[in-house]
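The next block holds one structure in the form of structure tokens; read it before the comments.
Only the coordinates and a few stated rules stand behind these numbers; no lab work does. From a predicted model like this one, the values you see are computed outputs, not experimental measurements. Note that we place each Cβ from the backbone using ideal geometry, even for glycine, and neighbour counts take in every protein chain shown.
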Amino acid sequence: MCSNFKSIPMIDVSPLLAKCDDPKMGEDGGVIEVVRQLNQACTQAGFFYVKGHGIPISILQEVKEKTHKFFELPYEEKSKIKLNATAGYRGYQKVLENITKGVPDMHEAIDCYRELKPGAYGEVGKILEGHNQWPLNPPNYKEMMEKYINMCTDLSRNIMRGIALALGGSPYEFVGDRAGDPFWVVQSLVTEKPFRKWCKRHWMTNFHTAVEPLDICKQRNGKVNQADETKKVERAVYGEHLVGKVLTNFVF
């Protein structure tokens with residue numbers, strides 16, 4: 001992955017979305033161009049912005065406005081959905097409560113994850129079993145966010161079809177048993193700045209399950225273990241660089 005890129009790529013995915021249900025989408029000129037840009041972004045930057053995503057501006061604005069209203073409430077009201085282990089570590093966290101590499105973060109947030117059925121993933125998934133905690137104030141916040149999350153999930157699934165093409169597979173490579181069971185994370189947060197307060201949302205999804213990844217998805221870094229002289233093989237995770245940036249408030 002390149003580390004000297006100058007700007008975050010912006011990709012218009014509308015041609016891809018227009019053909020996402022066409023089995024021959026890989027032959028379309030517009031899709032081919034989107035796939036080229038996805039490949040370049042994933043291999044050189046590790047993440048990208050998208051436009052032409054089809055999520056209505058009205059939905060984005062409503063999410064922003066209602067999230068602002070929640071964070072403007074008194075702490076006593078916000079703490080009604082306080083993050084806790086029973087909820088699978090979902091809910092509200094106050095400023096300085098989240099710790100990144102030993103340093104308290106200057107933000108407060110609502111953490112939401114896809115809800116897991118008890119026992120669905122055995123012991124490894126037990127810590128995340130629970131239900132999302134949605135505030136009653138502002139009204140209809142739960143319904144609004146679930147609609148937004150569903151739109152993001154569908155969008156991400158369609159983008160993965162383009163990434164599958166970029167990797168040389170069929171557009172349906174990441175469906176079914178291989179990656180048809182997405183786990184998503186949504187963090188709505190407000191960051192304290194010296195002169196202003198601003199709100200943002202992170203939406204992250206994991207479309208790979210506990211199976212061996214495609215050979216073309218593996219990262220071989222060429223390092224050799226002196227003891228057994230074998231090469232070290234690791235998963236190459238799209239967006240890993242961005243996630244690291246986000247979780248450290250873009251410090252690292």
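The lone criterion from (1) in contact (Cβ under 8 Å) with a residue 40 or more places away in the chain; (2) surrounded by 14 or more Cβ atoms within 10 Å (Cβ to Cβ) left unmet by ASN137 is number (2).
Regarding segment 49-69, can at least one residue be identified that is at positive phi and either small (Gly, Ala, Ser) or out of contact with any Cys (no Cβ under 9 Å at 6 or more places or on another chain) (or both)? Within segment 49-69, one or more residues are at positive phi and either small (Gly, Ala, Ser) or out of contact with any Cys (no Cβ under 9 Å at 6 or more places or on another chain) (or both). Could you tell me whether any residue of segment 50-70 is touching a Lys or Arg at 6+ places or on another chain (Cβ under 8 Å), in contact (Cβ under 8 Å) with a residue 24 or more places away in the chain, more than 22 Å from TYR113 (Cβ to Cβ) and exposed (fewer than 14 other Cβ atoms within 10 Å of the Cβ)? No, because not a single residue in segment 50-70 is touching a Lys or Arg at 6+ places or on another chain (Cβ under 8 Å), in contact (Cβ under 8 Å) with a residue 24 or more places away in the chain, more than 22 Å from TYR113 (Cβ to Cβ) and exposed (fewer than 14 other Cβ atoms within 10 Å of the Cβ). Considering every residue within segment 29-47, establish whether at least one is touching a residue at least 60 places away in the same chain (Cβ under 8 Å) and under 17 Å from CYS152 (Cα atoms). Yes, there is a match, as at least one residue in segment 29-47 is touching a residue at least 60 places away in the same chain (Cβ under 8 Å) and under 17 Å from CYS152 (Cα atoms). Sort out which residues of segment 101-120 are under 18 Å from the mean Cα position of the chain (by Cα) and either under 26 Å from LEU73 (Cβ atoms) or outside any loop (DSSP other than H, G, I, E, B) (or both), and write them in order of number. Hits for segment 101-120 are ALA109, ILE110, ASP111, CYS112, TYR113, ARG114, GLU115.
Candidates in segment 171-189 are the residues that are touching a residue at least 40 places away in the same chain (Cβ under 8 Å) and within 17 Å of GLY26 (Cα to Cα); of these, the one that is surrounded by the fewest Cβ atoms within 10 Å (Cβ to Cβ) is GLU173.
Any chance you could count how many residues in segment 3-54 are part of a strand (DSSP E or B) and either within 21 Å of TYR172 (Cβ to Cβ) or small (Gly, Ala, Ser) (or both)?
The initial filter retains those residues of segment 3-54 that are part of a strand (DSSP E or B), namely 10-12, 49-51.
Then drop every residue that is not either within 21 Å of TYR172 (Cβ to Cβ) or small (Gly, Ala, Ser) (or both), which leaves 11, 50.
Residues flagged as part of a strand (DSSP E or B) and either within 21 Å of TYR172 (Cβ to Cβ) or small (Gly, Ala, Ser) (or both) within segment 3-54 amount to 2.
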